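*Asks:* One structure coming up, written as structure tokens, with questions to follow.
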């Protein structure tokens, strides 16, 4: 049964190719229409096929019809009716990100280890926590094979974009290495799949040579977003087919309290 939900978007992953759905984006965020904030995931979202009037940004509130996803048993996952989507208020970063904090803070838990424990207990698949120490932002060559047919699927014309460009393969993979605050935690290494990261790579490659580009990415996503002047929170989510494998979906990085 469908219901109308409102969601503050906090996560928008880089597009992926599905043989069943075509090019899709996984979107997640915090419900604003419930008595207390709670996580929700929308899948599939054909973001690049949507009209510009429906294209939302991170930290924008959206409203749409959605129902529990019968093919995805993660408790937070909804299948959206994209045609019903409307775009609402964008929450800015004024006053140390106060508007955004009001929704994020109630959902912050102790650690990544705690999120793993909850996943085993009740299937939790989305979470937020403060890493105790971010050790590195690792950039490696992406050695996964790329099926050329995927690019063809992504380039298939749509009603609003009959000449849509194909989906570009990012030739690097990005991972955070960190410790969480659970006593005895050695460390975690998790891939980072935020669309913002991929777009930074796409934009900066036109400006810099590869070495400088990667240095700038590392500086932004490690030193700037996870530096001592930031109150860094990681948004994480697991994979449908590998529920014990969590990825960093995005970073919340307001200024640290003085």
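The values are calculated or read from the model by the stated rules, or taken from the named source; none is laboratory data. Remember, predicted model here, so these are calculated numbers, not experimental data. Here the Cβ is made from the backbone with ideal geometry for all residues, glycine too, and neighbour counts use every protein chain on show.
*Asks:* Inspect the stretch 138-155 for any residue being at pLDDT 95 or above and surrounded by 15 or more Cβ atoms within 10 Å (Cβ to Cβ) and give the result as yes or no.
*Replies:* Yes, the stretch 138-155 contains at least one residue that is at pLDDT 95 or above and surrounded by 15 or more Cβ atoms within 10 Å (Cβ to Cβ).
*Asks:* Could you tell me how many of the residues in the stretch 205-230 are surrounded by 15 or more Cβ atoms within 10 Å (Cβ to Cβ) and touching a residue at least 24 places away in the same chain (Cβ under 8 Å)?
*Replies:* 8
*Asks:* Can you tell me how many residues within the stretch 195-213 are touching a strand residue (DSSP E or B) at 6+ places or on another chain (Cβ under 7 Å) and modelled with pLDDT of 95 or more?
*Replies:* Residues in the stretch 195-213 being touching a strand residue (DSSP E or B) at 6+ places or on another chain (Cβ under 7 Å) and modelled with pLDDT of 95 or more: 0 in total.
*Asks:* From 18, 70, 63, grab the single residue that is over 23 Å from residue 119 (Cα atoms) and free of Cβ contacts under 8 Å to residues at least 40 places away in the same chain.
*Replies:* The conditions single out 18.
*Asks:* Suppose we keep only residues that are under 18 Å from the mean Cα position of the chain (by Cα) and under 29 Å from residue 121 (Cα atoms) within the stretch 57-89. Which one would you say is surrounded by the fewest Cβ atoms within 10 Å (Cβ to Cβ)?
*Replies:* Restricting to residues being under 18 Å from the mean Cα position of the chain (by Cα) and under 29 Å from residue 121 (Cα atoms), the top hit is 75.
*Asks:* Here is a further query. Taking residue 128 as the residue in question, decide whether it is surrounded by 14 or more Cβ atoms within 10 Å (Cβ to Cβ), in contact with a strand residue (DSSP E or B) (Cβ under 9 Å, 6 or more places away or on another chain), under 26 Å from residue 221 (Cβ atoms) and at pLDDT below 95.
*Replies:* It is false that residue 128 is surrounded by 14 or more Cβ atoms within 10 Å (Cβ to Cβ), in contact with a strand residue (DSSP E or B) (Cβ under 9 Å, 6 or more places away or on another chain), under 26 Å from residue 221 (Cβ atoms) and at pLDDT below 95.
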